[in-house]
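The values are calculated or read from the model by the stated rules, or taken from the named source; none is laboratory data. Quantities reported herein were computed from a predicted structural model and do not represent experimental measurements. Here Cβ is always computed from backbone atoms with ideal geometry, including for glycine, and neighbour counts include all displayed protein chains. What goes into the accessible areas is simple: the full protein's heavy atoms, side chains included, and nothing from ligands, DNA or RNA. Shrake-Rupley method; radii C 1.70, N 1.55, O 1.52, S 1.80 Å.
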Amino acid sequence: MRDLDRALARGRERHGHLLTAGERVVVDRLQACSPPARSLYARLFGRRDRFVALDGLTYAEVPDTGAAAAELEAAGLARGVGMAAARELLALRTVPELRVLCRARGLPARGRRAALVARLAAGPVRGLAGGPALRLRHRGLVRRLCRAWLVDHAGDLSKLVLARMELLRPPPHPVTGGPGLHRDRRGLRAYEQALAGWGRDPDDSAAQWEAARGALAAMRAPEPARARFTPLPVALRAGAAHARACERAGELDTALAVYAALEAALRRLDRSLPPELSRRAALCEDRAGRGAEGAARCAAALAAADPVSARALARTGRRLARRARQPWRPLPALVAPPVRQLALPRAPGDGPRPLWSVAGARPVPVEAAVAAVLGAHERPAVHSENGVWTSLFALLLWDVIFAPVPGLLPGPAMHRPLDLGLPGFARRRAPQLEAVLVALGAGEGPDRLAAALAAHAGEAVVGLHSWPGLAPVLTAVVAALPGPALAGILGALARDWRNARSGLPDLFVFPGPAGRVPGLFPGRLPAGPLFVEVKAPGDSLRDGQRIWLDRLLGLGLAAELWEVADSTAGGPG
């Protein structure tokens, strides 16, 4: 109840100007209810949106459930069984009870639940209620205020329970206010329309696209950091899904019309089509016999593409340009990493992912097998693919992430600012970011990490993993890396958080003796820290991995590709 009270009060402070007079009356009524009635509303608000049987419903803070339910009904905040439809009442019944009702009405009592409900729903409602029940009203309005306070799509108050249990405690941070998530009521309603439409008719991509398109048409250009709270993300997902469905069905003109509609809507909002959708549209144009147009589309999209998307666009554009006999300017080549081959015995059996055997231990995935081989030769390694680096980002750049940029930390329970992962995050915090990176480059990483681990223990910051033994691993990694290299890695994450989180090499190998490893060719390892991207047979480097290997090599670090072969099948030894 206290959580709900806070959500109503704080959400109203932020979004009160977007409520109608009738909506304000509803909130007033809920806030004026007695503590037991508010407690019952809060309890049921955390459950599914359906009638709930009151018999046997016991909460310590609601001594008289019937009286609390009657108060909510009288205030227009809930519906009792007298206002329920047949199917709503039947949802309260078990299958055996449905069969008893069918027999009492002379109906067939065989079949599954859906068939029993369909038979009973066709008849009179009278007699279907097994006892008092209640269904909340105005859930959407209350959820709206919860979203405004928590600043997330779900508006789920259970995160506050997790925070009190010390399981998901948001870090203390300045609340920077701002104009709110929505410019006006029109924008708010368009956002809610998009949320409601997403997930409806999951097998009907056309219906989802039309619903999202309607919400997008009602949208006005948002501030960049608030784009997540508009119909835009939903429209992009729905449009992409429908266009792909049309492509698979051979309906190329319809698919291109979807891409064109998205492009026009985004242009109106002073935005451009995301790089991956530009690439898909180019491929569709090629299939429709307009390869030169597709190549030109790829070339135009390259200007605003992130490093990973740029590689995919360049490959597609070059291929389409070659077919159309058009010139193409290639991107600068990435530095190829050194390659080694490692022979390991593959464990017998089939599964979603092959397992490998090392020194008689139980079979493990390939990354763990390679780490075990290295550990056996005095070169411990940690599977660092993403968790280690995003955790270091959260701890060492905490003051950057939660810098008091106006409007980007509007709520008290946020685990990240609104603009993390969006263009401009690093630019808005340039002084703070530069100061931290300079300090890390000067060798202050170990001291800063120790201070951050002590200051932020138990806080759920974005990217911070909480797996056992994390702190010693992070401490060892920071101690092993040169300061400029650590600053370079975290700076790349700050500048392109959305894409740079993926693609870091699988293993970080700690410094140790420069010795030979049996089964590895070339077999002698360098003594310093080493990044290793591990690839099993049939796997290949992705664009993000190539970019990170190039980036690490550019920082003066040793970064390699290790190709694992099955020694039982005659792999290299």
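Within the set 87, 43, the sole residue that is touching a strand residue (DSSP E or B) at 6+ places or on another chain (Cβ under 7 Å), open to solvent by 80 Å² or more (accessible area, probe 1.4 Å) and not hydrophobic (A, V, I, L, M, F, W, C) turns out to be 43. Each residue in the stretch 138-177 was checked for being touching a helix residue (DSSP H, G or I) at 6+ places or on another chain (Cβ under 7 Å), modelled with pLDDT of 85 or more, farther than 22 Å from residue 227 by Cβ and part of a loop (DSSP other than H, G, I, E, B), and 2 pass.
Residue 55 meets all of the listed conditions (1) at pLDDT 95 or above; (2) in contact with a strand residue (DSSP E or B) (Cβ under 9 Å, 6 or more places away or on another chain) but one, namely (1). Would the stretch 292-303 turn up any residue that is open to solvent by less than 20 Å² (accessible area, probe 1.4 Å), touching a residue at least 40 places away in the same chain (Cβ under 8 Å) and closer than 26 Å to residue 325 by Cβ? Among the residues of the stretch 292-303, not one is open to solvent by less than 20 Å² (accessible area, probe 1.4 Å), touching a residue at least 40 places away in the same chain (Cβ under 8 Å) and closer than 26 Å to residue 325 by Cβ, which makes the answer no.
Looking across the stretch 304-339, the residues that are modelled with pLDDT of 95 or more, open to solvent by 80 Å² or more (accessible area, probe 1.4 Å) and in a helix (DSSP H, G or I) come down to 315, 318, 319, 322. In the stretch 151-163, the residues that are on the phi > 0 side of the Ramachandran plot reach residues that are part of a loop (DSSP other than H, G, I, E, B) with C-beta atoms within less than 8 angstrom, at least six apart or across chains, in these pairs: 151/181; 151/410; 151/411; 151/413; 151/414; 151/418. State whether one or more residues within the stretch 381-390 are open to solvent by 20 Å² or more (accessible area, probe 1.4 Å), of a type outside the set (Val, Ile, Thr) and part of a loop (DSSP other than H, G, I, E, B). Checked the stretch 381-390: at least one residue is open to solvent by 20 Å² or more (accessible area, probe 1.4 Å), of a type outside the set (Val, Ile, Thr) and part of a loop (DSSP other than H, G, I, E, B). Among residues of the stretch 350-379 that are touching a residue at least 60 places away in the same chain (Cβ under 8 Å) and within 23 Å of residue 516 (Cα to Cα), those with a beta-carbon under 8 Å from a residue that is in a helix (DSSP H, G or I) and open to solvent by less than 50 Å² (accessible area, probe 1.4 Å) at least six positions away or on a different chain give the pairs 356/366; 356/369. Regarding the stretch 102-121, can at least one residue be identified that is in a helix (DSSP H, G or I), out of contact with any strand residue (DSSP E or B) (no Cβ under 8 Å at 6 or more places or on another chain), charged (D, E, K, R) and without any contact (Cβ under 8 Å) to a residue 12 or more places away in the chain? Yes: the stretch 102-121 contains one or more residues that are in a helix (DSSP H, G or I), out of contact with any strand residue (DSSP E or B) (no Cβ under 8 Å at 6 or more places or on another chain), charged (D, E, K, R) and without any contact (Cβ under 8 Å) to a residue 12 or more places away in the chain.
Does residue 481 satisfy the criteria of being more than 22 Å from residue 396 (Cβ to Cβ), in contact with a Pro (Cβ under 8 Å, 6 or more places away or on another chain) and crowded, with 21+ Cβ neighbours inside 10 Å? Judged against the criteria, residue 481 is not a match.
Let me confirm something: among 486, 433, 504, 409, which residue is touching a helix residue (DSSP H, G or I) at 6+ places or on another chain (Cβ under 8 Å), buried (at least 16 other Cβ atoms within 10 Å of the Cβ) and outside any helix (DSSP H, G or I)? Lay out the reasoning, then the answer.
Details: 486 fails: outside any helix (DSSP H, G or I); 433 fails: outside any helix (DSSP H, G or I); 409 fails: touching a helix residue (DSSP H, G or I) at 6+ places or on another chain (Cβ under 8 Å).
Just a single option satisfies the conditions, and that option is 504.
If you check residue 109 against the conditions, is it in contact with a Phe, Trp or Tyr (Cβ under 8 Å, 6 or more places away or on another chain), modelled with pLDDT of 85 or more and open to solvent by less than 70 Å² (accessible area, probe 1.4 Å)? Criteria not met by residue 109. Scanning for something of a type in the set (D, E, K, R) and either assigned to a loop (DSSP other than H, G, I, E, B) or open to solvent by less than 20 Å² (accessible area, probe 1.4 Å) (or both), does the stretch 187-195 turn up at least one residue? Checked the stretch 187-195: no residue is of a type in the set (D, E, K, R) and either assigned to a loop (DSSP other than H, G, I, E, B) or open to solvent by less than 20 Å² (accessible area, probe 1.4 Å) (or both).
The number of residues in the stretch 514-554 that are farther than 16 Å from residue 380 by Cα, surrounded by fewer than 19 Cβ atoms within 10 Å (Cβ to Cβ) and of a type in the set (A, V, I, L, M, F, W, C) comes to 3.
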